[in-house]
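Data first, discussion second: the structure below is written as structure tokens.
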């Protein structure tokens, strides 16, 4: 994705230079400018497309609020893509293990669709500073596979992390589709090992933009998904505490209220995009508060 965006930015910069009296060498200066403008347009495009795809849902967004989301989400989304692009060449985030003398406070981090564990770097640092350990961030593979297959992988990860934590229940923090993976894993046997599930921008009731995601995961993320309807129809589905943190101005979860889960403790934020939830101080404070409550 990054490579494609850089090529587009380079072509735009080159064409702009040809159409002006500027020297051709000025293209080098225009490439990063065109790249940044492209990031803003991508976020703006998802906002507009999301509103057009809402099918009558209340999706009003004031111009000032929309501009704020675009200008904050664009660099956040770019940083996330940069982090994810280098993740295959380094083990990041590295697992944090519990010291023999310290009480175990295990946390498992589960990313969303078309992502990898590198998106958790900001929260990872906060958790480590707050004394949580062991901490593990997993990679859901392959991309866009069936969510139930991801759930099976997560069941194994939860079991391994609980064993490492000397039997202490595991707290799970999940972003976007990762929250559905966690709920599916709880349905498939992991609930007995999970103390608290915290979801960030998870489309618990689907998203109109799910149609843009290829593969089985994309079909399951759609609002009309029978898989999702079956997941939400399950009785007594919460054997652990569940906290849902979401943004009313999410540019990828459409409608944004889809991230509010009945029966969970919900925190609605404003002026934050989908990936902004992974870096927003306000969102991270809610996550830490929920984790500290669960640990207590």
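The values are calculated or read from the model by the stated rules, or taken from the named source; none is laboratory data. What you see is a predicted model; the values in this text were computed from it and never measured. Glycine gets a Cβ as well: all are built from the backbone with ideal geometry, and neighbour counts include every protein chain shown.
Summary of values
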read-out: When residues of segment 219-234 are limited to those that are in contact with a helix residue (DSSP H, G or I) (Cβ under 7 Å, 6 or more places away or on another chain) and under 19 Å from residue 52 (Cα atoms), the one modelled with the highest pLDDT; value: 221
read-out: Filtered residues of segment 169-185 (kept if assigned to a helix (DSSP H, G or I) and touching a strand residue (DSSP E or B) at 6+ places or on another chain (Cβ under 6 Å)); value: 178, 179, 181, 182
read-out: The one condition in (1) assigned to a loop (DSSP other than H, G, I, E, B); (2) within 27 Å of residue 296 (Cα to Cα) that residue 252 fails to fulfil; value: (2)
read-out: Hey, residue 195 modelled with pLDDT under 95 and touching a helix residue (DSSP H, G or I) at 6+ places or on another chain (Cβ under 8 Å) or not; value: yes
read-out: Residue within segment 8-15 that is at pLDDT below 80, more than 14 Å from residue 74 (Cβ to Cβ) and part of a helix (DSSP H, G or I) present; value: no
read-out: Among the candidates 188, 237, residue that is over 24 Å from residue 80 (Cα atoms), in contact with a helix residue (DSSP H, G or I) (Cβ under 8 Å, 6 or more places away or on another chain), at pLDDT below 95 and outside any helix (DSSP H, G or I); value: 237
read-out: Residue 196 touching a residue at least 60 places away in the same chain (Cβ under 8 Å) and assigned by TED's automatic domain parsing to the domain that holds residue 112; value: yes
read-out: Residue match in segment 235-245 (condition: assigned by TED's automatic domain parsing to the domain that holds residue 131 and within 23 Å of residue 46 (Cα to Cα)); value: yes
read-out: Condition met for residue 271 (modelled with pLDDT of 95 or more, farther than 24 Å from residue 148 by Cα and touching a strand residue (DSSP E or B) at 6+ places or on another chain (Cβ under 8 Å)); value: no
read-out: Restricting segment 260-282 to residues that are under 12 Å from the mean Cα position of the chain (by Cα) and either outside any loop (DSSP other than H, G, I, E, B) or assigned by TED's automatic domain parsing to the domain that holds residue 39 (or both), the residue that is surrounded by the fewest Cβ atoms within 10 Å (Cβ to Cβ); value: 276
read-out: Those residues of segment 128-147 which are part of a helix (DSSP H, G or I) and in contact (Cβ under 8 Å) with a residue 60 or more places away in the chain, in sequence order; value: 147
read-out: Exclusive hit being at pLDDT 90 or above, under 25 Å from residue 273 (Cβ atoms) and loosely packed, with under 15 Cβ neighbours inside 10 Å, set 142, 203, 214; value: 214
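Listed here are the residues, each with its yes/no results for (1) closer than 21 Å to residue 243 by Cβ; (2) surrounded by 24 or more Cβ atoms within 10 Å (Cβ to Cβ).
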{"position": "148", "(1), (2)": "no, no"}
{"position": "153", "(1), (2)": "no, no"}
{"position": "175", "(1), (2)": "yes, yes"}
{"position": "191", "(1), (2)": "yes, no"}
{"position": "197", "(1), (2)": "yes, yes"}
